[in-house]
Amino acid sequence: MEQITIQVKNKQKAQALINFLKAMDFIEDVTASDLSTLKPKAKINDKEFFALAGLWAGRDVTLDSIRQKAWPTRV
């Protein structure tokens, strides 16, 4: 029997991976270390979120101009 060790940073993705592996018929056993030891992503507080308000103020930016710069060869 082969054994694989995987380190996952995101708790939710780790749980999804575990569920996926358990659904596979050729996998005999899935064990995981305590998922609560993984640190959740830091929450963005309101001040940090609103610090970006007005970032595009005074700029002539439209969805079409962004697309034109991203894909200049498309018509």
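Readers should treat all values here as calculations from the given coordinates under stated rules, not as data from a laboratory. Everything quoted here is computed from the prediction, not taken from an experiment.
Seen against the Cα atoms of the chain and their longest principal axis, helix 11-23 is set at about 50 degrees. Set the Cα radius of gyration of the chain against 2.2 N^0.38 Å, with N its number of residues, and you get 1.95.
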